[in-house]
Amino acid sequence: MLKIVVCVSGGGTNLQAIIDGIAQGSVFHTEIVRVICNNPGAGALERAKTAGIEGVCVSPKDYGDRDAFEAALVRAVEEADPDLVVLAGFLVKVPVELIRKYENRIINIHPSLIPSFCGTGYYGLRVHEAALARGVKITGATVHFVDEGMDTGPIIMQKAVEVHDDDTPKTLQKRVMEEAEWVILPWCINLIAAGQVKIENGRVSVTE
Ligand code: GRF
């Protein structure tokens, strides 16, 4: 059984896709042992509660300084003793200590085809605003391992989504979430649970 901690900040639709995948049997041998959120009002915490999953809020506002917050975040993950940490709409820079302790065991979903429209400042709707401003005809989503950079870790899977001429950032975000994010994030977790994801010299391969 792959024990996963899911880190969230917002509405939690990617978390919900994982919950639903486990419930429907399309995500095998996986258990969400804890949801960790940096935002007390996030809808994702409600989703966790409804699903009977322990939700823990670690908010920067509750700590005197950044170091204390980061230490609390590391503790919240380690207490759950996961095999894999999944960042699903998590808007906090992961502490280096956690990245080193969980090397190649933290994955993130990013709403573009990395290396396009990623890195510092590219999150949520801003990603789609940039894609529309550049006029790309294809965008999509990427699941990657988290390293000490921002959206720079080894890519596990990507899924392309067409950009429509009449798209707004909101309509594009919705289609990327529905057609790409909610598909490849659960699928990557499934592959990792099955031991089919290998990483060598910074490159990922998926075995049959
Ligand atoms: C989505 O755009 C996702 O791609 C990004 O965070 C946003 C909110 O995701 N990582 P969620 O609904 O909280 O899963």
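Counting only DSSP H runs of at least 4 residues, each contributing -39500 (n - 2.57), and dividing by the residue count of the chain, the helix-based mean residue ellipticity at 222 nm comes to -10000 deg cm²/dmol.
Between GLN24 and ASP83, the modelled label-to-label distance comes to 2.3 nm, taking each label 7 Å out from Cα in the direction of the beta carbon.
Subtracting the Cα-Cα distance of ARG100 and VAL206 from their residue separation scaled by 0.36 nm leaves 35.9 nm.
When the Cα positions of CYS118, ALA72, SER9 are compared along the charge dipole of the chain, CYS118 comes out farthest toward the positive end, with charges on each C-beta of Lys, Arg, Asp and Glu. What the chain shows is 49 Å² of accessible area per residue, with the surface traced by a 1.4 Å probe over protein heavy atoms.
The figure for ASP165 is an accessible area of roughly 150 square angstrom, using a 1.4 Å probe on the protein chains alone. Summarising the strand pairing of the range 2-206, around 45 percent of its internal DSSP beta bridges are antiparallel. Over all other residues within a Cβ to Cβ distance under 15 Å of ILE99, the charged ones net out to -3, with Lys and Arg as +1 and Asp and Glu as -1.
Of the solvent-accessible surface of the range 2-206, computed with a 1.4 Å probe and all protein chains present, 50% belongs to carbon and sulfur. The range 175-190 and the range 28-46 have their alpha-carbon centroids 17 Å apart. Helices of the chain meeting both criteria, an alpha-carbon length of 15 angstrom or more along the long axis and an average Kyte-Doolittle score not below 0.0, with helices taken as full DSSP H segments, are 13-24, 66-80, 182-193.
So if each residue of separation counts as 0.36 nm, and I subtract the Cα-Cα distance between ALA68 and THR50, what length gain in nm does that give?
Difference between extended and current length: 3.5 nm.
For the chain, the tally of Lys pairs with Cα-Cα distances below 17 Å comes to 7, considering only residues 8 or more apart or on different chains. Just to be sure I understand the curve: with the Debye formula and one point per C-alpha of the chain, what is log10 I(q)/I(0) at q = 0.14 Å⁻¹? Once normalised to I(0) and log-transformed, intensities are -0.81.
The values are calculated or read from the model by the stated rules, or taken from the named source; none is laboratory data. Since the structure is predicted, the reported quantities are computational estimates derived from the model, not experimental observations. Positions of Cβ are backbone-derived with ideal geometry, glycine not excepted, and every protein chain shown enters the neighbour counts. Please note that ligands, DNA and RNA were not included when accessible areas were found on the heavy atoms of the full protein model with its side chains. Shrake-Rupley method; radii C 1.70, N 1.55, O 1.52, S 1.80 Å.
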